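Derivation of every value follows stated rules applied to the coordinates shown; laboratory data play no part. What you are looking at is a predicted structure, and each value in this text was computed from that prediction instead of being measured. Cβ sites come from the backbone with ideal geometry, for glycine too, and all protein chains shown count toward neighbours.
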Amino acid sequence: MGLFAKVGEKEISRAIVDEFAREFNDYAESDVIIVGAGPSGLIAAGDLAAAGAKVMVIETNNYLGGGYWVGGFMMNTITVRAPAHKVLDELGVPYKEVSSGLFTTTGPHACSKTIARACDNGVKFQNVTRFEDVVLRSGIDGQPRVAGVVMNWSPVAALPHEITCMDPIAVESRLVIDATGHDACVMAKLRDNGLVDLPGHESMWVERSEDLIVEHTGVAYPGVIVSGMAVATVYGLPRMGPTFGAMLLSGKRAAAAALEELRATAGWKPRIGAKARA
Amino acid sequence: MGTGPLRLRLHLDHPGAGVDLPRLCAELQQVIGRGLDLEVVPSERSAFCPADPAARRALAQAIAATKVTHPATDRPSGQGTRRRPFEGEIQFEARRLGGDASAAGILYDGFWLQQVLAAALPSTQMRRDWLHLLLTNRLIGTFDDSDRRWHARMVLCGQPSIVSTTGMVLAPALPRDFYTQRHLHEQSGSGVLGEHLRAQMGEAVVQHDDPRQTQVAVSLTLQALLYWTTLEAFCTTAGCRLVDAHTQAALVALHEDEPALCPRHGHWAGAL
Ligand SMILES: [Zn+2]
């Protein structure tokens with residue numbers, strides 16, 4: 001008598017394929033697709049799912065968390081300034097107040113709890129998956145509106161050119177959140193298609209860019225919300241080093257902005273059984 | 001002037017914690033006396049934050065267009081390479097007008113912003129005996145043709161006048177060493193360090209949320225009133241609070257003790 005139940009290899013394979021296919025089929029259409037599973041994307045995902053939204057996060061790496069695991073200089077102590085420590089309270093992450101309004105915790109603890117909370121709330125993660133393009137539809141006002149993303153397995157991009165005729169796949173959503181960090185991949189795609197004219201980076205007279213990043217979080221194009229460090233790229237705000245407080249609060253703002261959009265969408269109802277909070 | 005007192009209407013746009021509004025008003029009333037009919041316009045009645053969503057969006061769009069995003073190539077009033085604002089920029093300005101955003105640091109073309117705001121004022125108040133003044137933390141700049149550069153400003157005279165609390169911090173010059181240091185920090189990619197660098201200078205300079213901003217705001221408001229009533233832009237008599245301070249050292253010195261008007265401008269204020 002072995003330790004584990006007797007299960008054949010083929011049953012294991014079928015379980016993997018069937019379950020993945022069933023879930024993938026379900027998420028061919030979702031409320032919100034979040035591109036990028038760094039701190040702001042994860043926070044937004046957790047909040048949205050808690051409020052009853054059907055959320056899929058796509059992440060190009062096999063691991064989730066992006067730069068959340070380590071802080072500056074690859075040291076895994078991360079700092080947040082008040083009031084962002086309240087987000088750590090919400091996640092149940094312990095921290096220390098090292099000086100008035102300045103808090104430290106560890107990357108692994110904060111990151112793992114943020115991922116766990118998103119999973120617990122019902123977020124679907126599609127990792128090793130690269131964002132390739134947006135799906136455009138005509139909105140109710142006749143103007144183009146982003147209504148999903150085109151994606152492919154990340155390794156396809158690394159294949160030699162002659163064998164990359166491996167077409168991507170499109171998935172639809174009511175909203176897309178660009179949480180792709182400095183690259184701002186989703187908005188950059190819209191710019192490349194001539195749909196927006198982004199300011200680019202030119203130094204402004206900014207000495208407090210964390211506030212500006214949080215407050216610029218929101219709808220940047222019909223159907224697209226920008227969150228986290230991507231905000232700095234899209235609005236031409238100064239690039240910053242690791243600033244987790246701004247990322248956490250930006251993620252919360254992105255979720256709030258997405259919920260406001262969803263609630264204004266005809267026919268949208270929060271999912272039953274979701275851990276909806278007030 | 002007309003027969004009645006000059007109506008000064010103060011509009012607030014997130015001036016920040018440095019400005020003590022009751023003190024500002026009391027000080028203005030004390031300096032000018034009965035010649036001034038001063039009112040702080042509540043935001044729900046201000047022409048600069050319309051309640052109607054369509055009007056608010058239109059104003060937000062017009063304000064977003066005045067951003068200077070490429071100081072090297074943007075020129076006044078939309079000349080140069082200026083882009084059209086995209087949806088997110090309009091929505092940010094709409095959030096600001098609605099009170100849901102207040103961060104400063106973006107540079108706006110001051111004279112263009114002034115035109116946009118003037119267009120929002122009721123035509124019945126576009127008169128010599130009405131002066132609207134926006135007290136804001138928005139950073140405003142003007143383009144100087146002589147050196148072909150944008151310069152941050154503390155005050156812009158005219159209708160409406162604009163007094164910028166962020167301008168009090170960023171416009172008056174600091175010793176060159178500060179800019180060298182800040183540039184080095186900026187190259188390192190941190191947005192927080194510039195703020196720390198300035199904070200280290202303590203009371204030698206006017207800081208963000210500095211309580212001395214109240215007295216500076218009084219001086220700048222008087223400057224706007226002086227221009228509005230006499231077309232005189234500032235004073236050249238040493239020690240007069242209407243002197244145009246080009247450096248932080250001068251600005252701080254001017255507001256160190258009890259800032260005062262020179263005899264000539266004391267007389268002007270009393271005669272309003
Ligand atoms: Zn004088």
Excluding B:Gln125 itself, calculate the net charge of residues whose Cβ lies under 9 Å from the Cβ of B:Gln125, where each Lys or Arg counts +1 and each Asp or Glu counts -1. +3
Which of the listed residues, A:Val123, A:Gln143, A:Cys165, is farthest toward the dipole's positive end in the stretch A:110-189, when Lys, Arg count +1 and Asp, Glu count -1 at the beta-carbon? A:Val123
Taking each residue in A:214-220, count the Cβ atoms of any other chain within 10 Å of its Cβ, then average. What number comes out? 6
By per-residue mean of other Cβ atoms within 10 Å, what is the highest-first order of B:64-70, B:224-230, A:18-24? B:64-70, B:224-230, A:18-24
Report the paramagnetic label zone for B:Ala173: residues of the stretch B:242-272 whose backbone N is under 11 Å from a point 7 Å from Cα along the Cα-to-Cβ axis. B:246-248
In this structure, the FRET efficiency calculated for A:Ile12 and B:Met126 from their beta-carbon separation, with R0 = 56 Å, to the nearest 0.05, is 0.10
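When Cβ neighbours within 10 Å are restricted to other protein chains, what is their mean count per residue of peptide B:87-94?
Per residue, the number of nearby Cβ atoms from other chains is 6 on average.
How do the peptides A:260-268, B:32-40 rank, highest first, by the average count of neighbouring beta carbon atoms within 10 Å per residue? Working shown, then result.
Details: A:260-268: 11.9, B:32-40: 15.2.
Final packing ranking: B:32-40, A:260-268.
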In Å and from the alpha-carbon atoms only, list the Rg and Dmax of the stretch A:13-263. 17.9, 58
Quick check on the stretch B:1-157: of the DSSP beta bridges with both residues there, what percent are antiparallel, nearest 5%? 35 percent
Within chain B, which whole H helices from DSSP have a Cα span along their axis of at least 24 Å and a mean Kyte-Doolittle hydropathy of 0.5 or more, if any? B:213-230
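I'd like the antiparallel share, as a percent to the nearest 5, of DSSP beta bridges with both residues in chain B. Write out the running numbers ahead of the final one.
Working: 10 of 33 bridges.
So the antiparallel bridges amount to about 30 percent of the total.
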Residues B:Asp144 and A:Asp192, FRET efficiency given R0 of 25 Å [Cβ-Cβ distance, rounded to 0.05]: 0.10
Membrane-span-like helices (DSSP H runs, Cα span along own axis at least 24 Å, mean Kyte-Doolittle at least -1.0) in chain A -> A:9-26, A:244-263
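Give me a single rounded figure for A:71-80: the average over its residues of other chain Cβ atoms within 10 Å of their Cβ. List each step's numbers first, then the result.
Details: counts 0, 1, 0, 0, 0, 0, 0, 0, 1, 0.
Counting other chains' Cβ atoms within 10 Å and averaging over A:71-80 gives 0.
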Sorted by packing (mean other beta-carbon atoms within 10 Å per residue), highest first, where do A:83-96, B:161-174 land? B:161-174, A:83-96
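May I ask you to derive the relative contact order of chain B, considering only C-alpha pairs under 8 Å and at least 6 residues apart, and to give it as an integer percent?
On the way: 440 pairs, mean separation 59.5, N = 272.
That works out to 22 percent.
Explain nothing, just the number: dipole magnitude of the stretch B:1-53 about its Cα centre with +1 on each Lys and Arg Cβ and -1 on each Asp and Glu Cβ, in debye rounded to the nearest 20.
Details: 5 positive and 7 negative charges, 43 e Å.
In total the dipole reaches around 200 debye.
From the convex hull of the Cα coordinates of the stretch A:33-156, what is the mean projected area in square nanometres?
Numbers: hull surface 38.1 nm².
Answer in nm², one decimal: 9.5.
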Restricting to bridges with both residues inside chain A, how much of the DSSP beta-bridge set is antiparallel, in percent to the nearest 5? 60 percent
Each label sits 7 Å from Cα toward the beta-carbon; between B:Arg56 and A:Cys165 the label points are separated, in nm, by 5.5 nm
Answer rounded, prolate or oblate for chain B, using the Cα gyration tensor with square roots of eigenvalues a ≥ b ≥ c: rounded when a/c is under 1.5, else prolate when a/b is larger than b/c, else oblate. oblate
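Longer than 31 Å from Cα to Cα, which of A:Lys96/A:Lys252; A:Lys86/A:Lys124; A:Lys189/A:Lys252; A:Lys96/B:Lys67; A:Lys113/B:Lys67; A:Lys54/A:Lys189 are they? Say none if no pair is.
Numbers: A:Lys96/A:Lys252 22 Å; A:Lys86/A:Lys124 25 Å; A:Lys189/A:Lys252 24 Å; A:Lys96/B:Lys67 40 Å; A:Lys113/B:Lys67 40 Å; A:Lys54/A:Lys189 24 Å.
As for pairs spanning more than 31 Å Cα to Cα, those are A:Lys96/B:Lys67; A:Lys113/B:Lys67.
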Can you show me the helix-derived [θ] at 222 nm for chain B, built from DSSP H runs with n ≥ 4 at -39,500 (n - 2.57) apiece and divided by the number of residues, rounded to the nearest 500. -11500 deg cm²/dmol
With +1 on the Cβ of every Lys and Arg and -1 on the Cβ of every Asp and Glu, the dipole magnitude of the protein assembly as shown about its Cα centre, in debye rounded to the nearest 20, is 620 debye
Express in nm, to one decimal, how much length is gained between A:Asn61 and A:Lys86 on full extension, taking 0.36 nm for each residue of separation and deducting their alpha carbon distance. 6.1 nm
Please list, in order, the residues from the stretch A:210-233 whose amide nitrogen is less than 20 Å from a point placed 7 Å along the Cα→Cβ vector of B:His14. A:210-221, A:225-233
With n ≥ 4 as the cut-off for DSSP H runs, can you work out [θ] at 222 nm for chain A, using -39500 (n - 2.57) per run divided by the number of residues, rounded to the nearest 500? -10500 deg cm²/dmol
With B:Leu156 itself left out, Lys, Arg at +1 and Asp, Glu at -1 over residues whose Cβ is under 15 Å from its Cβ give -2
Over the protein assembly as shown, what lengths in whole Å, largest first, do the semi-axes of the equivalent ellipsoid take, defined as the square roots of 5 times the eigenvalues of the alpha-carbon gyration tensor? 51, 25, 21
